[in-house]
Amino acid sequence: RAAAGILVGSRGGVVIDGCYNSGSISGNVTTTTKDGVGGIAGYLQGYKGACAVRNCYNLGTINGGTISAGLVGNLYNGASISNCYNMGETYYAIAGYAYNKTSTVSNSYYLASASTEAVPSAKLHDGISAEQKTRNEMGAAEFAGTLGNSFKASCPAPVLSWQTAAVKTGPRLPT
């Protein structure tokens, strides 16, 4: 088994709320059995209880093969992602794999120029909804409000409500 994420490598029955990643992660994952590389979590298994990533974001570059993404590498059996965004360069923006149509993605966004798809197109279903945004759209004050009360406006993109907002500083991100 090979799973890597800034906060969680592989886990079931966990809720990750109000976290972010700005570092780079590298791995090489090409199988879907409890593997994955993600900016927040590598592999999340929902059948063991509530399993969610919410109110999180990723700015870091994620290199991990075909089962990698800015937020969660492998979203499995009812795990969910909500109120999140990814601006880091990665193979998939939100989830590198979404198993059996029970996993969900809602109110989540990604920088169009950093990833080509939110999740693999073969894994899309009605419970997965993520929207591409431009750098200007993600930097607009209204975008923080779209994500909910856990975020506030900052530059170059929203930060969590407990973080200090920047006016014109921040990491250089891809256009």
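Structure summary
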read-out	value
Dipole moment magnitude, nearest 20 debye, region 101-157 about Cα centre, only Lys, Arg, Asp, Glu C-beta charged	120 debye
Residue-by-residue Karplus 3J(HN,Hα) for region 70-78, coefficients 6.51, -1.76, 1.60, Hz, glycine and proline x	x, 10, 10, x, 9, 9, 10, 6, x
Region 47-131, dipole about Cα centre (Lys/Arg Cβ +1, Asp/Glu Cβ -1), debye to the nearest 20	280 debye
Nearest-0.05 FRET efficiency for Thr116 and Ser22, computed from C-beta distance (R0 22 Å)	0.50
Per-residue HN-Hα couplings for region 129-136 [Karplus 6.51, -1.76, 1.60; θ = phi - 60°; Hz; x = Gly/Pro]	9, 9, 10, 6, 9, 8, 4, 5
For peptides 109-115, 15-21, sequence by mean Cβ density within 10 Å, most packed first	109-115, 15-21
Fully extended contour minus Cα-Cα distance, from Thr66 to Ser106, at 0.36 nm per residue	12.2 nm
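The numbers here are math on the coordinates, done by the rules we state, and not lab data. These numbers were taken from a predicted model, which means no experiment stands behind them. No Cβ is skipped: glycine too gets one built from the backbone with ideal geometry, and neighbour counts run over all protein chains shown.
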